[in-house]
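Here the structure is laid out as structure tokens; the discussion comes afterwards.
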Amino acid sequence: MVLAGSINKEIVGWIGQAGGRAVGISGKDAALVTAEKVQGREPNPLSGIERHVDLGFVGEPVAVDPSILRSLAAQGFIPVVAPIALGADGHTYNINADTMAGAIAGACGAKRFFLLTDVAGVLDKAGELMTDLDPAGIAALKADGTISGGMIPKVETCVAAVEAGVDAAVILDGRVPHAMLLEIFTRRGAGTLVHA
């Protein structure tokens, strides 16, 4: 598997070069994440009518046991988690990395969940950054088409993380140098904050 193999180990190597001590694992290790096959129904983009599609081994997290992460962190290691997990049916499933990270953040009781992406955050219809959203506001923005496409799973992941106990989730532009520091140490922040 490329995600748990070469990509994961490359990230571990980068952290090591920067002076950190990282360990590459996947959701399969120590039953960190248990997955379930994504039910294959989606709207036809042309007609809007739902249709059945087989997505293969695409899954979503249904349970998270973060004890392995706590053990690694207690020993000073930075866990790098590949987004694959074992299902109860014995199959290995690929999980959307944002979705898996949000599920893990919720299970760990994280104070903040940072989702780095290649856009500034959630933009309004005029293209301006929206800095503060809650689940009701997100639902309204999805309904009127302001939030669409690839931003939908990102905001849904943020909402799920907040509903699981994370104080707030932030969608940040990872292309901006020091984006996380700007978010943490400036009054306005640098992205879109999602809170309960």
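May I ask you to say which residue of ASP118, ASP144 is under 19 Å from the mean Cα position of the chain (by Cα) and of a type in the set (Asp, Glu)? Outline the logic, then answer.
Values: ASP144 fails: under 19 Å from the mean Cα position of the chain (by Cα).
None of the other options fit; the residue is ASP118.
Which residue pairs have Cβ atoms under 7 Å apart, sit 6 or more places apart or on different chains, and have a first residue in segment 140-154 that is closer than 14 Å to VAL119 by Cβ and a second that is among the polar types (S, T, N, Q) and open to solvent by 70 Å² or more (accessible area, probe 1.4 Å)?
PRO153/ASN96
Quick one: which helices (runs of 4 or more DSSP H) lie wholly within segment 95-196 and hold at least 3 residues that are in contact with a Pro (Cβ under 7 Å, 6 or more places away or on another chain) and open to solvent by less than 40 Å² (accessible area, probe 1.4 Å)?
Details: elements: 97-108, 135-143, 151-163, 179-185.
Answer list for segment 95-196: 97-108.
Listed here are the residues, each with its yes/no results for (1) basic (Lys, Arg); (2) on the phi > 0 side of the Ramachandran plot.
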{"position": "ASP144", "(1), (2)": "no, no"}
{"position": "GLY149", "(1), (2)": "no, yes"}
{"position": "ALA160", "(1), (2)": "no, no"}
{"position": "ILE171", "(1), (2)": "no, no"}
{"position": "LEU181", "(1), (2)": "no, no"}
{"position": "ILE184", "(1), (2)": "no, no"}
{"position": "ARG187", "(1), (2)": "yes, no"}
{"position": "ALA190", "(1), (2)": "no, no"}
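I'm trying to understand the selection: among the residues of segment 75-94, which are in a loop (DSSP other than H, G, I, E, B) and closer than 20 Å to ILE171 by Cα?
PRO83
Quick one: which of ARG112, ARG70 is over 19 Å from LYS37 (Cβ atoms) and modelled with pLDDT of 95 or more?
Numbers: ARG112 fails: modelled with pLDDT of 95 or more.
From the options ARG112, ARG70, the qualifying one is ARG70.
Looking at segment 73-115, which of its residues are of a type in the set (Gly, Ala, Ser), under 17 Å from ALA30 (Cα atoms), in contact with a Ser or Thr (Cβ under 7 Å, 6 or more places away or on another chain) and touching a residue at least 60 places away in the same chain (Cβ under 8 Å)?
Matches in segment 73-115: ALA82 only.
Among the residues of segment 52-74, which ones are open to solvent by less than 50 Å² (accessible area, probe 1.4 Å) and part of a strand (DSSP E or B)?
GLY59, PRO61, ALA63, VAL64, listed by residue number.
The values are calculated or read from the model by the stated rules, or taken from the named source; none is laboratory data. In this text the structure is predicted, and so the values were computed from the model without any measurement. As a convention, Cβ positions derive from the backbone with ideal geometry for all residues, glycine included, and neighbour counts pool all protein chains shown. Just so you know, the surface numbers come from the protein's heavy atoms only, side chains and all, with ligands and any DNA or RNA stripped out. Shrake-Rupley method; radii C 1.70, N 1.55, O 1.52, S 1.80 Å.
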